[in-house]
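Contents: one structure, followed by commentary.
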Amino acid sequence: LYKRDWRYHRELQRWLMRAPGTEPVFKSQTHEKGVYVYWDPDRCEKMRKEMVVVYDLLEDRSRETH
């Protein structure tokens, strides 16, 4: 999933990515606000939502196993 630009949000416990074709409305060194797509396992579908994403809450990509 990392190779497809998805990131795991530890607090929300959901995989998410910036919505294709969008840029953040606001971006700083610690967080950004924009439109994201996330996987909802209860509905088994992708959902779209505007939200603030704090970078420290995203799973570290270096933990990816090959």
Q: Mind listing whichever residues of the range 1-10 are open to solvent by 80 Å² or more (accessible area, probe 1.4 Å) and modelled with pLDDT under 95?
A: LEU1, LYS3, ARG4, ASP5
Q. Quick one: is GLU32 open to solvent by 40 Å² or more (accessible area, probe 1.4 Å) and either at pLDDT 95 or above or in contact with a helix residue (DSSP H, G or I) (Cβ under 7 Å, 6 or more places away or on another chain) (or both)?
A. no
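Residue-wise test of (1) assigned to a strand (DSSP E or B); (2) of a type in the set (S, T, N, Q); (3) free of Cβ contacts under 8 Å to residues at least 40 places away in the same chain; (4) open to solvent by less than 80 Å² (accessible area, probe 1.4 Å).
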| position | (1), (2), (3), (4) |
| --- | --- |
| TRP15 | yes, no, yes, yes |
| PRO24 | no, no, yes, yes |
| TYR36 | yes, no, yes, yes |
| TRP39 | yes, no, yes, no |
| ASP42 | no, no, yes, no |
| LYS46 | yes, no, yes, no |
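The values are calculated or read from the model by the stated rules, or taken from the named source; none is laboratory data. Only a predicted model underlies this, so the values are computations on that prediction, with no experimental measurement involved. Positions of Cβ are generated from backbone atoms using ideal geometry, with glycine treated the same way; all protein chains shown enter the neighbour counts. All accessible areas refer to the heavy atoms of the entire protein, side chains included, with ligands and DNA or RNA removed. Shrake-Rupley method; radii C 1.70, N 1.55, O 1.52, S 1.80 Å.
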